[in-house]
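A.B. asks: A single structure is presented below for examination.
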Amino acid sequence: MQRIPTAIWTLTVGVLVTLVAIWVGNHVSLFPEQASAQAPLVDDFFKLMLMIATALFLLVAGTILIFAVQFRRRPGEEGDGVPIEGDFALEAYWTLIPAVIVIVLGVYSVQVFTEMGGFAVGGGGGNHLLMGHQHSATAHLVSDEGESSRPKYGFGGSGEPDVTVTVTGMQYAWIFNYPEGIVSGELHIPVHKTVQLNIKSADVIHSFWVPQFRLKQDAIPGQDTVLRFTATKVGDYPVVCAELCGAYHGAMRTRVHVHTQEDYEKWLAENLAAQNPDMASTVAVNTDHQ
Amino acid sequence: MAQAQIPISHDMSVVPENHPKAWRWYHYFTFNTDHKVIGIQYLVFSFVFYLIGGLMAVVMRTELYTPDPDVIDPNLYNALLTNHGTIMIFGWIVPAAIGGFGNYLVPLMIGARDMAFPRLNALAFWLLPPAGLLLLGSFLFGGAQAGWTAYPPLSLITAPMAQSMWCLSIVLAGTSSILGAVNFIVTMAKLRVPSMPWDKMPLFCWAMLATSILTLLSTPVLAIGLILLLFDINFGTSFYKPDAGGNVIIYQHLFWFYSHPAVYLMILPIFGIMSEVIPVHARKPIFGYRAILSSSMVICFVGLFVWVHHMFTSGTPPWMRMFFTISTLIVAVPTGVKIFSWTATLWGGKIRYTSAMLFAIGLLIMFVVGGLSGVTLGTAPVDVHVHDTYYVVAHFHYVLFGGSVFGLYAGIYHWFPKMTGRMLNETLGKIHFVLTLIGANITFLPMHVLGTQGMPRRVAMYDPQFTTLNQICTIGAFILAFSVVPFLINVIWSWRWGPKAGGNPWQALTLEWTTDSPPLIENWHQLPVLTHGPYDYGKQRAEV
Ligand code: HEM
Ligand SMILES: [Cu+2]
Ligand SMILES: [Cu+2]
């Protein structure tokens, strides 16, 4: 039988690995449904990394296993293997390939991060908005922090957000304060609108996470943070505390309700009527519809 | 080359006739200054703590079999969680890899009679038992509950007494590491046999050198962070108290400035073990000696600039998130170089499937998985989603469990004959390997999915939708717990009755194999002379 040239082997393996990697990238979904404008960015990025990782895993683990079998000591065999100590070209090659992959991923992640608003923290929008509210009738509700520290950390954006909510984490609950004077134990927001959360902590560090939004930001005592996003799908999703905050950390859960614009306005109106604004900052009312 | 400027207790070249040949068992419970005794003290100490930490993990996994906190109280869960993490790091990997293997092997590998400062060495070890007792004793006061990261303000307000004991314990362990690191650097610089130039030093020693440098640069920072925490808890200072002008983020920087490099510090010695075990059992020179040693040094350097990737969702300004994304990704390159070099070492070999080699290959596979998930975590956009979830737990157990447990077992199977003079039973070793490999993957693989789907880490209760995957993880953990049994039987039985090993059962070429097994007290009657490199398999060698 004629020997099959190495080039053909390499090509076949390359094509197969690529196909499997692409298949895995497109069919293995580890993430929950996408419900924010940021989610597809993160997921596409992850998909690319999953493909690369699959390909690398198959190549490296496959090579290890093939070598492990091919070069096993056969019974009765004595002596040593071939004394190869290194190969500069080969070493340079496998330093450069990962370096290139890593640089591509680095650049891509900067781009995704920019689109997610990671660079616009505390930019004109958030600050402007806070000042805007200072002049409005409900100023005391938004700015009850009493300090001028504007958030430096989190995810922001430019321009004014459509909705701003102050989120306070405490052991073991999230409290949401609306500029209109509503206080709620669950987050209600309209779909397709930019929402800015100003996140505070009343005691220890908590972390505001909505898995379906792919966004997370710590609530840090003494330092406000922001999280700006646009929900893209009506529904309700879990709000999870992701930073260890005490014994009942695992029970620090609530929900975010993404409404249509009309439903959201209806919710606002109902709650404005139901709640006494003077008690707003001290009492948390669970405003679920049931 | 100027050698032996540091006087050690005996004549450098010949052991006097009336010298005792070996230590007795009770010497292992004393302040003994022999590096081999200290190495074994470290190994046994750390293995006991591994079992304790593992027991804690099993209790946690049992709790997580159901969504409700029904087996143990959530406070106790957090105490177990905190101490499991702390013990596995400061009581298991660091003492076993650095203290145990480092002390036992470095002097033997470079042809020295002992470490440069034997008393300091013994002192470094004896700081650990009190550290361990403080940690376990803290359970009498409720146990520290703020996680092994101990972020304030949580650590300031829960279980103050236990948290203080925790801080002191880590500071003691850190002091021990610093003393050890100084000793390693001086030993390697000054006590190599005259015939061994730097570039003939075994790669394990290079790894220990990189580790020691990293320890010296980073551990003091952790100590400072923890001492300030101790002051905040007990003496009314307010470094980290936000309502009194303190800053909670500072702590995170101090903590991770140590604790991220600590990950490399744990893994580098294990890479060192890999670089010794693979060539011997594959009968091949290590592929790319220089590439491997320089990648250790690059990891050691770049490792100091990646700590903020633990803080992407915390108080981290945008430019920092990007800087640290890039630097974190860069670490993947030297790590990849090592993996490729070990793989290439297998090529053209005559591989013996000893238990040591099986564990080494198991490590390679586990590490590839952990490394690839590490790349995804290193990029800020994905990390924002999965930070503080089970995805991270999966990742670091692939790296730390895969890295440490597989690597250390590989090392134990490889050097046990040297340490005890007896061979381990290979059949039991293979059963042990299979159970460990299967158990580890059943335990940790599903955790990736749990994390991306929405299960945060450090929780005693979770949403019912995650039940099935959690039950799989728990069953895996039971298998892992059981996997220790054949190992323990093997070690205890073989130590007493195993077949005699002889000086060099694997026909290895590094210097530790040129003396008796176990080595006599001053290691050699006459110091060895290097006649070939550490990995000259398959080459023409002058017989020694
Ligand atoms: C023996 C098998 C092991 C099992 C079944 C196991 C299981 C676990 C579990 C269930 C957690 C808690 C996860 C959470 O709630 O966040 C955990 C945390 C942790 N484990 Fe392990 N583990 C094992 C071995 C190891 C090893 C060998 C290491 C390191 C060398 C290690 C290091 C850690 C660390 C650092 C944490 C984090 C603690 C914290 O969040 O403060 N584990 N492990
Ligand atoms: Cu919380
Ligand atoms: Cu929490």
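A.B. asks: I'd like to know if the range A:142-151 contains one or more residues that are under 22 Å from the mean Cα position of the chain (by Cα), at pLDDT 50 or above and within 11 Å of another protein chain (Cβ to nearest Cβ). Talk me through it step by step, then tell me what you get.
C.D. replies: The first filter runs over the range A:142-151 and keeps only residues under 22 Å from the mean Cα position of the chain (by Cα), leaving A:151.
Checking the rest, the ones that are also at pLDDT 50 or above come to A:151.
When the remaining residues are screened for being within 11 Å of another protein chain (Cβ to nearest Cβ), the result is A:151.
Yes, the range A:142-151 contains a residue that is under 22 Å from the mean Cα position of the chain (by Cα), at pLDDT 50 or above and within 11 Å of another protein chain (Cβ to nearest Cβ).
A.B. asks: Does the range A:65-81 contain at least one residue that is touching a Pro at 6+ places or on another chain (Cβ under 6 Å), more than 30 Å from B:Gly454 (Cβ to Cβ), surrounded by 13 or more Cβ atoms within 10 Å (Cβ to Cβ) and at pLDDT below 85?
C.D. replies: Looking only at the range A:65-81, we keep the residues that are touching a Pro at 6+ places or on another chain (Cβ under 6 Å), and these are none.
There is no residue in the range A:65-81 that is touching a Pro at 6+ places or on another chain (Cβ under 6 Å), more than 30 Å from B:Gly454 (Cβ to Cβ), surrounded by 13 or more Cβ atoms within 10 Å (Cβ to Cβ) and at pLDDT below 85.
A.B. asks: For the subset of the range A:212-246 comprising residues that are small (Gly, Ala, Ser) and closer than 20 Å to A:Gly185 by Cβ, which member is nearest to the other protein chains (Cβ to nearest Cβ)?
C.D. replies: A:Ala242
A.B. asks: Restricting to the range A:185-211, what's the tally of residues that are within 13 Å of another protein chain (Cβ to nearest Cβ), in contact with a strand residue (DSSP E or B) (Cβ under 8 Å, 6 or more places away or on another chain) and buried (at least 21 other Cβ atoms within 10 Å of the Cβ)?
C.D. replies: Residues that pass the stated criteria total 10.
A.B. asks: Can you find, within the range B:440-456, the residue that is nearest to ligand 3 (Cβ to nearest atom) among those that are closer than 27 Å to B:Leu364 by Cβ and of a type in the set (Gly, Ala, Ser)?
C.D. replies: By that ranking, first place goes to B:Gly451.
A.B. asks: Against the condition under 17 Å from B:Phe401 (Cα atoms), more than 16 Å from ligand 3 (Cβ to nearest atom) and within 13 Å of the chain's Cα centre (by Cα), how does B:Val58 come out, does it pass?
C.D. replies: no
A.B. asks: Another question, then. How many of the residues making up the range A:241-259 are within 10 Å of ligand 2 (Cβ to nearest atom) and buried (at least 23 other Cβ atoms within 10 Å of the Cβ)?
C.D. replies: 8
A.B. asks: Right, another one. Within the range B:287-298, does at least one residue satisfy the condition of being of a type in the set (A, V, I, L, M), within 19 Å of the chain's Cα centre (by Cα), at pLDDT 90 or above and in a helix (DSSP H, G or I)?
C.D. replies: Checked against the condition, which is being of a type in the set (A, V, I, L, M), within 19 Å of the chain's Cα centre (by Cα), at pLDDT 90 or above and in a helix (DSSP H, G or I), the range B:287-298 yields no hits at all.
A.B. asks: Also, I was wondering about something else. Determine whether the range B:437-460 contains at least one residue that is free of Cβ contacts under 8 Å to residues at least 40 places away in the same chain, within 16 Å of ligand 2 (Cβ to nearest atom) and closer than 20 Å to B:Val58 by Cα.
C.D. replies: Within the range B:437-460, one or more residues are free of Cβ contacts under 8 Å to residues at least 40 places away in the same chain, within 16 Å of ligand 2 (Cβ to nearest atom) and closer than 20 Å to B:Val58 by Cα.
A.B. asks: May I pose another question? Give just the number: which of (1) in contact (Cβ under 8 Å) with a residue 40 or more places away in the chain; (2) in contact with a Phe, Trp or Tyr (Cβ under 8 Å, 6 or more places away or on another chain) does B:Ile489 not satisfy?
C.D. replies: So the condition that B:Ile489 fails would be (2).
A.B. asks: In the range B:80-100, what residues are more than 11 Å from ligand 1 (Cβ to nearest atom) and either modelled with pLDDT of 95 or more or among the β-branched types (Val, Ile, Thr) (or both)?
C.D. replies: Initial filter on the range B:80-100 (more than 11 Å from ligand 1 (Cβ to nearest atom)): B:95, B:98-100.
Correct list: B:Ile98 only.
A.B. asks: Residues to consider are B:Pro318, B:Pro285; find the one that is facing another protein chain (nearest Cβ under 7 Å) and within 30 Å of A:Ser207 (Cα to Cα).
C.D. replies: Working: B:Pro285 fails: within 30 Å of A:Ser207 (Cα to Cα).
When all the criteria are applied, what remains is B:Pro318.
A.B. asks: Which condition number does B:Val459 fail, the rest of (1) closer than 16 Å to B:Gly370 by Cα; (2) among the aliphatic types (A, V, I, L, M); (3) within 14 Å of chain A (Cβ to nearest Cβ) being met?
C.D. replies: (1)
A.B. asks: Being touching a helix residue (DSSP H, G or I) at 6+ places or on another chain (Cβ under 6 Å) and away from ligand 1 (no atom under 16 Å from the Cβ) narrows it down to one of A:Phe229, A:Phe208, so name that one.
C.D. replies: After applying the criteria, what remains is A:Phe229.
A.B. asks: Further, regarding this structure: Looking at B:Pro334, B:Pro381 in this structure, which one is without any contact (Cβ under 8 Å) to a residue 12 or more places away in the chain, more than 28 Å from B:Pro505 (Cα to Cα) and assigned to a helix (DSSP H, G or I)?
C.D. replies: Unique residue meeting the criteria: B:Pro381.
A.B. asks: Let me ask something else. Please work out if A:Val234 is of a type in the set (Val, Ile, Thr) and more than 16 Å from ligand 3 (Cβ to nearest atom).
C.D. replies: Yes.
A.B. asks: Moving on to the next point. Is there a residue being closer than 21 Å to B:Val393 by Cβ, away from ligand 3 (no atom under 16 Å from the Cβ) and of a type in the set (A, V, I, L, M, F, W, C) anywhere in the range B:457-470? Explain how you work it out, then say what you get.
C.D. replies: Here is the first cut: in the range B:457-470, the residues closer than 21 Å to B:Val393 by Cβ are B:457-470.
In the following step, the residues that additionally are away from ligand 3 (no atom under 16 Å from the Cβ) were identified as B:464-470.
Within this subset, residues satisfying the condition of being of a type in the set (A, V, I, L, M, F, W, C) are B:466, B:469.
Yes, that holds for at least one residue.
A.B. asks: What are the residue pairs meeting all of these: first residue in the range A:242-253, first residue within 13 Å of B:Met455 (Cα to Cα) and β-branched (Val, Ile, Thr), second residue more than 7 Å from ligand 3 (Cβ to nearest atom) and modelled with pLDDT under 90, Cβ atoms under 9 Å, and 6 or more apart or on different chains?
C.D. replies: As it stands, the answer is none, since no pair meets every condition given.
A.B. asks: Of all residues in the range B:418-455, count the ones that are away from every other protein chain (no Cβ under 14 Å), crowded, with 21+ Cβ neighbours inside 10 Å and polar (S, T, N, Q).
C.D. replies: So the answer is 2.
A.B. asks: For the range B:75-191, please list each of the helices (runs of 4 or more DSSP H) lying entirely inside it that holds at least 1 residues being more than 14 Å from chain A (Cβ to nearest Cβ).
C.D. replies: Result: B:103-110, B:118-126, B:128-137, B:160-190.
A.B. asks: Any idea how many residues of the range A:247-262 are among the aliphatic types (A, V, I, L, M) and closer than 17 Å to B:Phe466 by Cα?
C.D. replies: Pass one, the range A:247-262, residues among the aliphatic types (A, V, I, L, M): A:247, A:251-252, A:256, A:258.
Add one more test, that the residue is closer than 17 Å to B:Phe466 by Cα, and what stays is A:251-252.
Within the range A:247-262, residues that are among the aliphatic types (A, V, I, L, M) and closer than 17 Å to B:Phe466 by Cα number 2.
A.B. asks: Also: What pairs can you find where one residue is in the range A:60-84 and more than 7 Å from chain B (Cβ to nearest Cβ), the other is part of a helix (DSSP H, G or I) and modelled with pLDDT of 90 or more, and their Cβ atoms are less than 9 Å apart, with a gap of 6+ or different chains?
C.D. replies: Correct list of pairs: A:Leu65/B:Ile361; A:Leu65/B:Ile365.
A.B. asks: Select, from B:Thr237, B:Thr219, B:Thr215, B:Thr211, the only residue that is over 22 Å from B:Leu268 (Cα atoms) and touching a Gly at 6+ places or on another chain (Cβ under 9 Å).
C.D. replies: Going through B:Thr237, B:Thr219, B:Thr215, B:Thr211 in turn, the sole match is B:Thr237.
A.B. asks: How many residues does the range B:371-394 hold that are more than 10 Å from every other protein chain (Cβ to nearest Cβ) and buried (at least 24 other Cβ atoms within 10 Å of the Cβ)?
C.D. replies: 2
A.B. asks: Also, I was wondering about something else. Which of the residues spanning the range B:228-242 are more than 22 Å from A:Ile220 (Cα to Cα) and assigned to a helix (DSSP H, G or I)?
C.D. replies: B:Asn234
The values are calculated or read from the model by the stated rules, or taken from the named source; none is laboratory data. Everything numeric in this text was worked out from a predicted model, so none of it was measured. Please note: Cβ atoms are built from the backbone with ideal geometry, for glycine as well, and neighbour counts cover all protein chains shown.
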